[in-house]
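A short write-up of the structure that comes next.
The values are calculated or read from the model by the stated rules, or taken from the named source; none is laboratory data. These numbers were taken from a predicted model, which means no experiment stands behind them. A quick note on method: Cβ atoms are made from the backbone with ideal geometry, for glycine too, and the neighbour counts reach across all protein chains shown.
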Amino acid sequence: MIAIIVIIVVLLAIVGGMFIAPYNSLVGLRNKLQEAWRQVDVELNRRYDLIPNLVESVKGYATHEHNTLSDIISLRNQARQMDTNGAASAQRGQVEAQLTQALGSINALAEAYPDLKADAGFRQLSEQLAATEDRIANSRRYYNAVVGDYNTKVESFPSNISASMFHFTKAAYFQVDDPSMREAPQVDFSQMGYGSGVQRDGQQAGTPAPGNQQSVPQPALGQDAPGQPL
């Protein structure tokens, strides 16, 4: 009788080791993965909320940049409407990467339009956007770390048996393909002079303002500013 009990206990331990424990671990990691993505999504939505106000502030000064600003709004709307079912997807990552790159062009516009660069409302929105980009990068790094742990569990023995039986599939990383877009765009308002850039009202580009002895080359309009990790 005792021998039978021992055998049953051993069998239960084997079953638990091969199915129950791995299943519970997979459930825990999946929940952690969903929570990590929710945090990414919160920060992405914060960026979506900032973009319209930022674009409106730019419109007041950069009236000739209609195409650039329209592209930003279009990408913002496209990204916001994408349903990823609580996880990242390659398509969502591509759209978000394009949006991040497009937002980098705001830096070039600020340099080209000194009045815009000096506008207090624009500076505040730009600083909020830069802080949001930092939070997106941090949340993305954490999410991708959880994805790595989860995918390892899905592929490793014996947890891969439970993963196959209960339909746990690998999760997608939230990342961009272009290394130039992997850093958050930086907004630098430390230099607030009017001595460079394209001037409105017919003033020639690169002409220094009174008292400024040196002009600084500016980036071409419509190009992304250099710089910009889910």
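Observations on the model:
- Condition check for Ala112: hydrophobic (A, V, I, L, M, F, W, C) and either surrounded by 18 or more Cβ atoms within 10 Å (Cβ to Cβ) or touching a strand residue (DSSP E or B) at 6+ places or on another chain (Cβ under 8 Å) (or both): yes
- Listed by position, the helices (runs of 4 or more DSSP H) contained in region 112-228 that have at least 1 residues being at pLDDT 90 or above and farther than 30 Å from Gly60 by Cβ are 120-155, 159-165.
- Test: residue in region 37-49 that is under 20 Å from Ala97 (Cβ atoms), among the hydrophobic types (A, V, I, L, M, F, W, C), modelled with pLDDT of 90 or more and surrounded by fewer than 19 Cβ atoms within 10 Å (Cβ to Cβ): yes
- When Val9 is tested against (1) among the aliphatic types (A, V, I, L, M); (2) surrounded by 15 or more Cβ atoms within 10 Å (Cβ to Cβ); (3) under 30 Å from Lys153 (Cβ atoms), exactly one condition is not met: (2).
- Subset of region 132-150 that is small (Gly, Ala, Ser) and surrounded by 15 or more Cβ atoms within 10 Å (Cβ to Cβ) - its residue that is farthest from Asn31 (Cα to Cα): Ala137
- Number of residues in region 20-56 that are closer than 13 Å to Ala88 by Cβ and either β-branched (Val, Ile, Thr) or not in a helix (DSSP H, G or I) (or both) equals 1.
- In region 54-76, residue nearest to Arg135 (Cα to Cα) [restricted to those that are surrounded by 15 or more Cβ atoms within 10 Å (Cβ to Cβ) and among the polar types (S, T, N, Q)]: Ser57
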